[in-house]
Amino acid sequence: IAGITQAPTSQILAAGRRMTLRCTQDMRHNAMYWYRQDLGLGLRLIHYSNTAGTTGKGEVPDGYSVSRANTDDFPLTLASAVPSQTSVYFCASSASPANEQFFGPGTRLTVL
Amino acid sequence: GQNIGQPTEMTATEGAIVQINCTYQTSGFNGLFWYQQHAGEAPTFLSYNVLDGLEEKGRFSSFLSRSKGYSYLLLKELQMKDSASYLCAVRDGDYKLSFGAGTTVTVRA
């Protein structure tokens, strides 16, 4: 079944640790995105990639990095996790930046 | 940037109609999206407006007025499964989405 997968589903992490959230899509979409969702704030864009090999910063990029080595994968890395990065993280993709976005199931991350 | 406003919560009865308003202020406008998100799940795409007017999709309709920076999502013949959060999102000239905080709709029997 085509779609977007994210791993892990949930994670509890000690502050200061490095963590990579994985995102894979099999729809051959060119564009991919990472959002965080916090209560009362809605979804906020962290980083995006309009096509393989390119990335850009969103609204809240600090403390996060991404890479887009191929079309299917778009990992998000927290170099040194802090408690304010406790959130639900959603990966999304779209056929092009002009098309609607499809979201993965999310990763619930808790940083203690 | 975008400044998007929508009500926090709304309650309605099964079979009724509910209208969720969204207002926005933007430095560049390139379309408005509505997404539905059930608790603990991913957002799913509902509708898209880029020109003024009404777009109808079954029980759901979405309206846009670009001059007023205003949109609404109309849910008709409410069903219990429509209990969810509804997210308004505005796309800017760089094709990036900014989301409102969402409106939680509770449908009562």
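The values are calculated or read from the model by the stated rules, or taken from the named source; none is laboratory data. Remember, it's a predicted structure, so these values are computed and weren't measured experimentally. So basically every Cβ, Gly included, is an ideal-geometry build from the backbone, and we count neighbours across all protein chains shown. Areas reflect the complete protein model, heavy atoms only, side chains present, ligands, DNA and RNA absent. Shrake-Rupley method; radii C 1.70, N 1.55, O 1.52, S 1.80 Å.
Just tell me which lysines come within less than 28 Å, Cα to Cα, of B:Lys57; anything on the same chain fewer than 8 places away is out.
Qualifying lysines at Cα under 28 Å: B:Lys68, B:Lys76, B:Lys81, B:Lys96.
Given the C-alpha centroids of the range B:42-76 and the range A:3-61, what is the distance between them in whole angstrom?
About 27 Å separates the Cα centre of the range B:42-76 from the one of the range A:3-61.
Leaving out ligands, DNA and RNA, calculate the buried accessible area for the pair B and A with a 1.4 Å probe, summed over both sides, in Å² to the nearest 100.
On the way: alone 5910 and 5900 Å², together 10480 Å².
Roughly 1300 Å².
Given the convex hull over the Cα atoms of chain A, what projected area results after averaging over all orientations, in nm²?
Orientation-averaged projected area of the Cα hull: 6.4 nm².
Using a 1.4 Å probe over the heavy atoms of the protein chains, calculate the carbon and sulfur portion of the accessible area of chain B as a whole percent.
Its accessible area is 47 percent carbon and sulfur atoms.
State the dimensionless ratio Rg/Rh of the protein assembly as shown (Rg: radius of gyration of Cα atoms; Rh: Kirkwood radius).
So for the protein assembly as shown, dividing Rg by the Kirkwood Rh gives 0.97.
What whole-number value in Å² describes the accessible area per residue of chain A for a 1.4 Å probe?
Here the per-residue accessible area is 47 Å².
With a ≥ b ≥ c the root eigenvalues of the C-alpha gyration tensor of the range B:43-100, is it rounded (a/c under 1.5), prolate (a/b larger than b/c) or oblate?
Because a/c hits 1.5 or more and a/b fails to exceed b/c, the range B:43-100 counts as oblate.
Within a 10 angstrom radius of each residue's Cβ in B:32-42, how many Cβ atoms of other chains show up on average? Whole number is fine.
Numbers: counts 0, 2, 0, 4, 0, 4, 0, 0, 4, 3, 13.
Mean partner-chain Cβ count within 10 Å for B:32-42: 3.
Average partner chain C-beta neighbours within 10 Å, per residue of A:101-110?
3
Contact order normalised by length for chain A, with contacts defined as Cα pairs under 8 Å and 6 or more residues apart; what percent is it?
So the answer I get is 36 percent.
Just the ratio, please: alpha-carbon radius of gyration of chain B over 2.2 N^0.38 Å, N its number of residues.
Normalised Cα radius of gyration, chain B: 1.02.
Determine the shielding of peptide B:92-99 by partner chains: average, over its residues, the number of Cβ atoms on other chains within 10 angstrom of each Cβ.
6
First select every other residue whose beta carbon is under 15 angstrom from the beta carbon of A:Thr9; then total the charges, Lys and Arg +1, Asp and Glu -1.
Around A:Thr9, the charge tally is +1.
If we count every other residue with Cβ under 13 angstrom of A:Ser84's Cβ, Lys/Arg +1 and Asp/Glu -1, where does the sum land?
0
Compute the signed sum of charges (Lys and Arg +1, Asp and Glu -1) over the other residues within less than 11 Å, Cβ to Cβ, of A:Thr107. Please list the in-between numbers first.
Numbers: positive: A:Arg22, A:Arg36, A:Arg108; negative: none.
That works out to +3.
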